[in-house]
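Report on one structure; see the data block that follows.
Read-outs throughout are calculated quantities, based only on the coordinates presented, and are distinct from any laboratory measurement. In this text the structure is predicted, and so the values were computed from the model without any measurement. In this analysis, Cβ positions are derived from the backbone assuming ideal geometry, glycine residues included, and neighbour counts consider all displayed protein chains.
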Amino acid sequence: MTVMFTPTAWRLPHWVIAIGSGLLLAMYAGVIQPREIAAYFASRPEVAQAFADPHFGRADALILVFSTLFLAPFAVFVASVLLVFGIAMLGGFVLPVVRWFRMPDWIATAFVLFVAAFVAWANSDQWLPRSLWFLGLVARAWKIIVA
């Protein structure tokens, strides 16, 4: 029972439940409004004309949503495995330097995570517009299927 009141001892299921509950309470309280967020992404100018074909637009939207729902978990899994492998590999290169300075081993992993986050932020102009475009495309496809 004491594990529930000490967040430093939480494992992944505890964090997933806590974050999910917080998001659900925020949506219930009206702080986060998913329909407005989806409408914003669906009305972005770069996807405004997507799925406009009168004959195949709805079918294309359905295929995109279906493919995204079934392939996204696998893609997230592969990306997670590659990320963990990359962090472990680069942490192994930094580990001798950290041990030479007589620091704890977790400093190597923290350093690699910090550098990876900085590189991702520095290159955000490369990946962020495409990610926002894809979110807009999925929101537009969802909007067309539901309507």
- Item | Environment charge of Leu132, counting only residues whose C-beta is closer than 12 Å and scoring Lys/Arg +1, Asp/Glu -1 | 0
- Over the chain, calculate the relative contact order: mean separation of alpha carbon pairs under 8 Å at least 6 apart, over the residue count, as a percent. 39
- Message: Can you tell me the length gained on complete extension of the stretch Phe70 to Phe93, counting 0.36 nm per residue apart and subtracting the Cα distance?
- Response: 4.6 nm
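Fewest Cβ neighbours within 10 Å first, please rank His14, His55 accordingly.
On the way: His14 13, His55 7.
Least to most surrounded, the residues fall as His55, His14.
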- Item | Hz values of 3J(HN,Hα) by residue in segment 13-29 - Karplus curve (6.51, -1.76, 1.60), Gly and Pro given as x | x, 5, 5, 4, 5, 5, 5, x, 5, x, 5, 5, 5, 5, 5, 5, 6
- Note on the structure: The exposure ranking of Leu69, Leu23, fewest beta-carbon neighbours within 10 Å first, is Leu69, Leu23
- Note on the structure: Residue separation between Arg102 and Asp60 times 0.36 nm, minus their alpha-carbon distance, gives in nm 9.3 nm
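Do any chymotrypsin sites (Phe, Trp or Tyr not before Pro) in segment 25-132 lie in a loop, going by DSSP, with at most 14 other beta-carbon atoms within 10 Å of their beta carbon, and if so which?
Details: sites: Tyr28, Tyr40, Phe41, Phe51, Phe56, Phe66, Phe70, Phe74, Phe77, Phe85, Phe93, Trp100, Phe101, Trp106, Phe111, Phe114, Phe118, Trp121, Trp127; in loops: Phe51, Phe56, Phe101.
Answer in residue order: Phe56, Phe101.
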- Message: If I model a spin label at Val115 and Phe85 as a point 7 Å from the Cα along the Cα→Cβ vector, what separation in nanometres do I get?
- Response: 2.0
- Query: So which trypsin sites (Lys or Arg not before Pro) in segment 37-138 pass both tests, a DSSP loop state and at most 12 other Cβ atoms within 10 Å of the Cβ?
  - Reply: Arg102
- Message: Can you classify the chain as rounded, prolate or oblate using the Cα gyration tensor, where a ≥ b ≥ c are the square roots of its eigenvalues, rounded means a/c under 1.5, and otherwise it's prolate if a/b beats b/c and oblate if not?
- Response: prolate
- Query: Taking the Cα centre of each part, how many Å lie between segment 60-93 and segment 24-38?
  - Reply: 26
